[in-house]
Amino acid sequence: MLREDDLSNRLAKSRASLMRASLLPAAKDAFLKLNPRFQWRNPVMFVVEIGALLTTFFTFRDLLAGMKEAINLNLQLTLWLWLTVLFANFAEALAEGRGKAQAAALRRTRKETVAKKLVDGQIKKIPASELRKGDIVLVEAGDIIPGDGEVIEGIASVDESAVTGESAPVIRESGGDRSSVTGGTRVLSDWIKVRITANPGETFLDRMISLVEGAKRQKTPNEIALTILLVALTIIFLLAVATLEAFALYSGTWASIPVLIALLVCLIPTTIGGLLSAIGIAGMDRLLKRNVLAMSGRAVEAAGDVDVLLLDKTGTITLGNRMATSFIPAPGVSEEVLADAAQLASLADETPEGRSIVVLAKNKFNLRERDLSSLRATFVPFSAHTRMSGVNIEGREIRKGAVDAIEAYVQKQGGALPEEVKATVEKVAREGGTPLVVAEGAKVLGVIYLKDVVKGGIKERFAQLRRMGIKTVMITGDNPLTAAAIAAEAGVDDFLAEATPEAKLKLIREYQAKGHMVAMTGDGTNDAPALAQADVGVAMNTGTQAAKEAGNMVDLDSNPTKLLEIVEIGKQLLMTRGALTTFSVANDVAKYFAIIPALFATTYPELKALNIMGLATPASAILSAVIFNALIIIALIPLALRGVAYRPLGANAILRQNLLIYGLGGLIAPFIGIKLIDLFLVVLGLV
Ligand SMILES: Nc1ncnc2c1ncn2[C@@H]1O[C@H](COP(=O)(O)OP(=O)(O)OP(=O)(O)O)[C@@H](O)[C@H]1O
Ligand SMILES: [K+]
Ligand SMILES: [Mg+2]
């Protein structure tokens, strides 16, 4: 307990110092981003930058020409226009800074390691940077794993804290879905042989570094659409201000070019324009804090729109260590004969299920593990397709697997599934267990009871998802009875049993065809097609290389329930963007009504009645508005980075609530803010 507290304290402290440390570099970056080559990518702010350049030019021209008249006002306007651009750049730099710090930490872990490459059974020590795809390396206790790869032999405990930040060691073993290892992590005990799957520079760590640095960050489709809207608004206001200029010329008002530029900047959507990219980066960053790597901003956005979640049964809804707990023989077969056959059929089965069968037979009947190579046997490995596995040995053909698969197998040899075995299968399945039927040739020997446990607290999470309008569907290779029992216990909305990889893919396509956005998690190679098809595909870090490449997110903690948090973070991102857009546009409308009457009150005394704010002078009105416009960006940076407060509500309720808070707030805030700044300016004698 004490140690945990200590750790979280230390983490909090290091976060705080990271925050402080990132303010200065962000301030510096804000200036570097003024370079038009970068600035034009943010069109609204690019317009402000051009405006700032123009006011600078006109102010200095007037200064040189000795026109002292409006110099005080123009100097101040110029200063605040530049600050507006800098504040927006600062927001973006601050959001990027957190990822940069993380990337630097990752770089430190990527040390130059020595690889023990296996060449013709001999160990050859070479630098890890010389490893290529397909090389086989030996990694022993204490060694750093020299590159990404798949374990092809052995089992070891691995410290992955360098990548995941999680200090508890994890098990990596050949076969099954826990066979992938990441370069830069350390083997703590035992040894493994690893086949390297990535060339230097293309490893997971390399990809992770470039991702968190945001080096390849592209605007998402939604961001592009919003930017187009903001540009359209900007053009409209540009035209409006240009007409105002014609109008001012006609009526002989004093509206100078700096004042008109300032007016334009007040009216175009600078708040959302300035914070848009920071909001997106911060969303990816929030995922990263929860140890999820999003391969693109688009994936995070998609997570916000997800309304169907496909969840694996084994390992996601249940604990996933499906263990053999008993042998239930068919009539006329002894338990020992069943156990012996089951063990033979599992000796080369590297899945957790297979291993647990070998162990159970050993414990119950003291059946020794036999050496398959001396028995001249051929092993039939398990596949999610056939849903069975087994062995051909000295003329015997032993198989174990799902009921329907074994039934089809014995029928082909002229046998049948005895009624008693059918009853046993049903009983096991109704209890939520997985029955594995064992057969030798045409003869059914009995059933192996595999037990798995539903995770604690999962029912509440699903209930919460339902309130958010998200449907949960469990998919499993197991039989419909087991599936129904587990589905009821876990409280999912629907399930798909006896699912092959193709069936998963088909289910996703069906939901998508109906207009749903689908998210799923997976770890196995057979999940890869479905992970690629899903709108949000979260691969487990422990999973196979194929799964990691197919998905658009990787969970470093390999916790399939993380999907629920991912959806929440996505929704929060969309809500934050929506809220700040509403606020920004409402703000601009309010500014229009707040300052126009004051600006023209001198020329048209009739407008005085509209100057409800009672702003001191036209000069102080426009200056106050520009200052407010700049400060609001700074004020909203924390909200943009943190995200708006999130509650699991339906989409309509959220929309209504946001319109009320951010729309109304956006309308009122400028009146109060501009009036206060106006008072300050007068008191300080600045206008
Ligand atoms: N090692 C094995 N040998 C033989 N049959 C197996 C083995 N492992 C599982 N099976 C059978 O194949 C079925 C499908 O297994 P699979 O791993 O594809 O799906 P699952 O684990 O039940 O579901 P999930 O998709 O949630 O992982 C199991 O229900 C079981 O009947
Ligand atoms: K504005
Ligand atoms: Mg499985």
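The values are calculated or read from the model by the stated rules, or taken from the named source; none is laboratory data. Values in this document were obtained by computation on a predicted structure and should not be read as measured data. Methodologically, a virtual Cβ is constructed for each residue, glycine included, from the backbone with ideal geometry; neighbour enumeration extends over all protein chains shown. Note: areas computed on protein heavy atoms with side chains; ligands, DNA, RNA excluded. Shrake-Rupley method; radii C 1.70, N 1.55, O 1.52, S 1.80 Å.
Looking across Ala442, Ala488, one residue alone is more than 21 Å from Thr521 (Cβ to Cβ) and not assigned by the TED database to the domain that holds Thr351. It is Ala488. Determine, yes or no, whether Phe495 is within 15 Å of ligand 1 (Cβ to nearest atom), of a type in the set (Phe, Trp, Tyr) and under 26 Å from the mean Cα position of the chain (by Cα). So Phe495 passes the test.
For Asp177, the criteria (1) more than 22 Å from Asn321 (Cβ to Cβ); (2) open to solvent by 40 Å² or more (accessible area, probe 1.4 Å) hold in every case but one, which is (1). Leu636 meets all of the listed conditions (1) open to solvent by less than 20 Å² (accessible area, probe 1.4 Å); (2) in contact with a Leu (Cβ under 8 Å, 6 or more places away or on another chain) but one, namely (1).
So that you can scan it fast, the table gives a plain yes or no per residue for (1) of a type in the set (A, V, I, L, M, F, W, C); (2) surrounded by 21 or more Cβ atoms within 10 Å (Cβ to Cβ); (3) at pLDDT 85 or above:
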position	(1), (2), (3)
Ala162	yes, no, no
Lys219	no, no, no
Asn222	no, no, yes
Ile228	yes, no, yes
Val231	yes, no, yes
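Taking the listed residues Ile458, Ile486, the one that is within 13 Å of ligand 1 (Cβ to nearest atom), within 32 Å of the chain's Cα centre (by Cα) and touching a residue at least 12 places away in the same chain (Cβ under 8 Å) is Ile486, with no other qualifying. When the strands (runs of 3 or more DSSP E) confined to segment 123-197 are screened for residues that are under 27 Å from Ala103 (Cβ atoms) and within 28 Å of the chain's Cα centre (by Cα), those reaching at least 3 such residues are found at 149-159, 186-196.
For segment 531-540, does any single residue satisfy the condition of being surrounded by fewer than 24 Cβ atoms within 10 Å (Cβ to Cβ), of a type in the set (A, V, I, L, M) and in a helix (DSSP H, G or I)? Yes, some residue in segment 531-540 is surrounded by fewer than 24 Cβ atoms within 10 Å (Cβ to Cβ), of a type in the set (A, V, I, L, M) and in a helix (DSSP H, G or I).
Looking only at segment 19-53, residues that are more than 18 Å from Ile228 (Cα to Cα), in contact (Cβ under 8 Å) with a residue 24 or more places away in the chain and not in a helix (DSSP H, G or I) come to 2 in all.
Residues in segment 510-527 that are surrounded by 24 or more Cβ atoms within 10 Å (Cβ to Cβ) and more than 10 Å from ligand 1 (Cβ to nearest atom): Val518, Ala519, Met520, Thr521.
Using the structure shown, decide if Thr325 is away from ligand 1 (no atom under 15 Å from the Cβ), in contact (Cβ under 8 Å) with a residue 12 or more places away in the chain and either under 27 Å from Ile632 (Cα atoms) or in contact with a Phe, Trp or Tyr (Cβ under 8 Å, 6 or more places away or on another chain) (or both). Spelling it out, it is not the case that Thr325 is away from ligand 1 (no atom under 15 Å from the Cβ), in contact (Cβ under 8 Å) with a residue 12 or more places away in the chain and either under 27 Å from Ile632 (Cα atoms) or in contact with a Phe, Trp or Tyr (Cβ under 8 Å, 6 or more places away or on another chain) (or both). Hey, among the residues in segment 376-404 that are within 9 Å of ligand 1 (Cβ to nearest atom) and among the hydroxyl-bearing types (Ser, Thr, Tyr), which one's nearest to the chain's Cα centre (by Cα)? Only one residue tops the list, namely Ser383. Working only within segment 465-503, note down all residues that are within 16 Å of ligand 3 (Cβ to nearest atom), under 29 Å from Lys571 (Cβ atoms) and of a type in the set (S, T, N, Q). If the condition is that a residue be within 16 Å of ligand 3 (Cβ to nearest atom), under 29 Å from Lys571 (Cβ atoms) and of a type in the set (S, T, N, Q), then Thr476 is the only one that fits.
So is Val626 open to solvent by 60 Å² or more (accessible area, probe 1.4 Å) and of a type in the set (Val, Ile, Thr) or not?
On the way: open to solvent by 60 Å² or more (accessible area, probe 1.4 Å): no; of a type in the set (Val, Ile, Thr): yes.
No; evaluated as a whole, the condition is false for this residue.
Per this entry, Phe462 is counted among residues that are of a type in the set (Phe, Trp, Tyr), within 22 Å of Gly433 (Cβ to Cβ) and away from ligand 3 (no atom under 15 Å from the Cβ).
Confirm whether Leu599 is open to solvent by 40 Å² or more (accessible area, probe 1.4 Å), in contact with a helix residue (DSSP H, G or I) (Cβ under 8 Å, 6 or more places away or on another chain) and in a helix (DSSP H, G or I). No; evaluated as a whole, the condition is false for this residue.
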